[in-house]
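Right, one structure below, let's go through it.
FYI, it's all coordinate maths here, none of it is from the lab. None of these values were measured; they are calculated from a predicted model. A quick note on method: Cβ atoms are made from the backbone with ideal geometry, for glycine too, and the neighbour counts reach across all protein chains shown.
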Amino acid sequence: MNTALARRSPLLEGREPYAEVVIGPTRVALLRDGYQAYPAMLAAIALAQHTICLETYILRDDSTGMRFINALCERARAGVEVLLMVDGWGSNVSDITLLQLRSAGVKVHVFLPLRFGLGLTRFAARLRRRNHRKSLVVDGVVGFAGGLNLSDEYAAVADGGGGWRDTHVRVEGSGSLQLEALFLGTWKKQKGPGFDAARFVRPRAATCAALAIVGNDFGVHQKLIRKAYVDAIGRAKQRIFLTHAYFLPPGKFLKTMYRAVRRGVRVAVIVAATTDVKLVLWGTRGLYPKLLKNGVEVYEWRGRVLHAKTAVIDGTWATIGSSNLDSLSMRQNLEVNAVIVDPTFGKSMEQLFGEDLAHCERVTPATVKSYGLLHRMLSWFAFQLRHWL
């Protein structure tokens, strides 16, 4: 696949990445919202010659979802080996659409579907163990990861979508192979349909120490993403900027943030006041008094729904992915994040954070005091449910 040609695709005219850097043997692009990410992903799919691996929590057969579904079908009919994994709870695709995909030759796996007759215990266990990843890998050469699902909510307003605020990343080189290996490992463990494994035999790619794909699972690697965050925050010397739609971190994570503040590190967090999950917002507000008491700056995003999950530390260490900072992502769901250690990329991440701050209102002790009794009661109640949110 000619990735240089993909970057010049007509789909990308006026939709160039927010930032793009070359780090050693790899190229990394920062993509803001569906406005930039969707055209880049569709351009890569259109140029696939051998394989496509697409994994998403939400896929709907609305206008946006059908653009991807039709693109996958076209490539499958052209002889490309196309593997599609969708979550059995988050996705909502009709039987007719699934038949369309399979008839075109797309190999589809529905991750842990919830069926009647499972029994209450098994149903509850499956409900909490979801595939929340969002990744795409084409020909083992170019990969995408981040927070964007595939539905109209995430599409640009100019494209008839909801224009949700989200962040994705495109990686080329060894990062795409890491994404592909993670996908295939999950596919095999979950007993997805058989595929032509010979197509996925790749030449060895030059590694890039500045780029890592961090994915968790339900076993020994359950806490890898949390560990990456905690280690980076523990090393921070100047500033920590977090943008998280769903912010209810575990206690160890919070203590690491508080210790950073005591070291003189500026810690600022953007959370979603405009959100699709109000209960999480109430729970997060129950955390505000402790955050503020420990010197953490808190900002509430106002505007279209915020769904991003990103961080940048000391302008050098950055992560973009599917993992929220809450109990479900940290302990239950399958997630994947890209970690990039590069000052040029980090500078772009800080610039993006600064632009997002312009859409925020700062939370102060006076803000918390202004909450009415009912508001405080709801926040307290939601905070008690944090391990389930």
Fill in the blank from the handout: For the chain, the longest principal axis of the Cα atoms and the Cα long axis of helix 95-104 enclose an angle in degrees, to the nearest 10, of 50
Exercise for the section: Please find, in a Gaussian network model of the chain (springs between Cα atoms separated by less than 10 Å), the residue of GLY372, GLY234, GLY163 whose mean-square fluctuation is greatest. Expected result: GLY372
Practice task
Among ARG199, ARG302, ARG239, determine the one that fluctuates most according to a GNM of the chain built with springs between C-alpha atoms less than 10 Å apart.
Solution key: ARG199
Exercise for the section: Grab the other residues whose beta carbon is less than 13 angstrom from that of ALA104, score K and R as +1, D and E as -1, and report the net. Expected result: +2
Fill in the blank from the handout: So, relative contact order of the range 3-192 in percent, Cα under 8 Å, 6 or more apart, is 27
Exercise for the section: In vacuum, with every alpha carbon of the range 274-389 counted as one equal point scatterer, what does the Debye formula give for log10 I(q)/I(0) at q = 0.15, 0.16 Å⁻¹? Two decimals, please. Expected result: -0.80, -0.91
Handout entry: Mean ellipticity per residue at 222 nm, deg cm²/dmol - from DSSP H runs of n ≥ 4 across the chain, formula -39500 (n - 2.57)
Key = -11000 deg cm²/dmol
Practice task
Find the relative contact order for the chain and round it to a whole percent, using C-alpha pairs within less than 8 Å whose residues are 6+ positions apart.
Solution key: 17
Exercise for the section: Average the reciprocal distances over every distinct pair of alpha-carbons in the range 47-195, invert the result, and give the Kirkwood radius in Å. Expected result: 15.9
Completion exercise
So, for the Cα atoms of the chain, Rg and Dmax in Å stand at 20.4, 63
Completion exercise
the chain, Gaussian network, Cα under 10 Å: of ALA232, ALA338, ALA273, the residue fluctuating most is ALA232
Handout entry: the chain, dipole about Cα centre (Lys/Arg Cβ +1, Asp/Glu Cβ -1), debye to the nearest 20
Key = 1680
Fill in the blank from the handout: Stretched fully, the stretch from LEU112 through LYS188 gains (0.36 nm per residue minus C-alpha distance, one decimal, in nm) 26.0 nm
Exercise for the section: Give the Cα extents of the range 293-353 along the principal axes, in whole Å, largest first. Expected result: 33, 29, 27
Exercise for the section: Beyond 20 Å, what share of the Cα-Cα pairs of the range 269-326 is found? Please give it as a whole percent. Expected result: 31
